[in-house]
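Structure record follows, encoded as structure tokens.
The values are calculated or read from the model by the stated rules, or taken from the named source; none is laboratory data. Note that the coordinates shown come from a computational prediction; the quantities given were computed from them, not determined experimentally. We place every Cβ from the backbone using ideal geometry, glycine too, and count neighbours over all the protein chains shown. These area figures cover heavy atoms from the full protein model, side chains too; ligands, DNA and RNA do not enter into them. Shrake-Rupley method; radii C 1.70, N 1.55, O 1.52, S 1.80 Å.
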Amino acid sequence: MKKVQKTIELWELTMDELSPDQYKVVKEAEEALKSSYAPYSHFPVGAAILLKNGSIIKGSNQENAAYPSGLCAERTALFHYGAGQYNSEIDSIAVVVEKEKEGEFPFPCGSCLQVMVEFAQRQTSPYNILLYHRKSGKVLMSNTVENMLPFAFRKEHLPG
Ligand code: THU
């Protein structure tokens, strides 16, 4: 038997340690909470994507009476980016939730991480994930999506 290990690296920062653009994207994710449609879970989530050209794309969770038809905030923002013919790569994605727990950062779900991995594969360099905890003013940052989903399913796993 052989132990298989991967090391992940995350950074905890205070808001004043963020670059001005990162600060902006975190605040835009917070702003995106206002457009959340979460009448079923009552759990609003906001996301915002910072592009390398400085543009920002916002997303929020959009629920539906047919529960599985709804979509998370991160994927709403990412698919908007994917469909939008933006001629700039992703620099960072920020996530925030309205109902925070003490000492807990807003971790994206597995499906959102899976989608994040493929968007990262489509560009020339990785992008940052910024998980913003409003009450403490702290941000948990990962410099690559792989840090958060080390064994993602990739197109290389498909046959042919
Ligand atoms: N949600 C997100 O928007 N992002 C995540 O990464 C986790 C969950 C949403 C989906 C649903 O609208 C609500 O939070 C409760 O699960």
Of all DSSP beta bridges with both partners in region 38-144, the antiparallel percent, nearest 5, is 80
Probe 1.4 Å, heavy atoms of protein chains only: per residue, the accessible area of the chain in Å² is 58
Put Asp91, Asp16 in order of accessible area, largest first, probe 1.4 Å, and you get Asp16, Asp91
Scoring the chain by relative contact order with C-alpha pairs under 8 Å, at least six apart, yields a percentage of 24
Once both label points are put 7 Å beyond Cα along the C-beta direction, the Asn143-Lys2 separation in nm becomes 2.7
The rounded separation in angstrom of the Cα centers of region 59-95 and region 13-48 is 13
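Using unit Cβ charges (K, R positive; D, E negative) and no other charged atoms, how large, in debye to the nearest 20, is the dipole of the chain about its Cα centre?
Using Cβ point charges on Lys, Arg, Asp and Glu, the chain gives about 380 debye.
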Checked the chain against the a/c 1.5 cut and the a/b vs b/c comparison, axes a ≥ b ≥ c from its Cα gyration tensor; verdict rounded
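With a 1.4 Å probe and every protein chain kept in, tell me what percent of the accessible surface of region 1-47 is carbon plus sulfur.
Details: 1840 of 3470 Å².
The value for region 1-47 is 53 percent carbon and sulfur by accessible area.
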Put Glu74, Glu28 in order of accessible area, largest first, probe 1.4 Å, and you get Glu28, Glu74
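Can you pull the percent of region 69-158's accessible area that's carbon plus sulfur, 1.4 Å probe, other chains left in place?
Answer for region 69-158: carbon and sulfur cover 52 percent of the accessible area.
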Put Cys112, Cys72 in order of accessible area, largest first, probe 1.4 Å, and you get Cys72, Cys112
Rounded to the nearest 500, the 222 nm mean residue ellipticity computed for the chain from DSSP H runs (n ≥ 4, each -39500 (n - 2.57)) alone is -7000 deg cm²/dmol
Ignoring ligands and nucleic acids, Val4 exposes an accessible area, probe 1.4 Å, in Å² to the nearest 10, of 110
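Order the peptides 53-59, 134-140 from the highest to the lowest mean number of other Cβ atoms within 10 Å of their residues.
Output ranking for 53-59, 134-140: 53-59, 134-140.
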Probe 1.4 Å, all chains present, heavy atoms only: His157 accessible area in Å², nearest 10, is 110
Cα-only Rg/Rh for region 1-96 with Kirkwood Rh rounds to 1.08
Of Thr14, Thr124, Thr76, the most mobile residue in a GNM of the chain (C-alpha springs, cutoff 10 Å) is Thr124
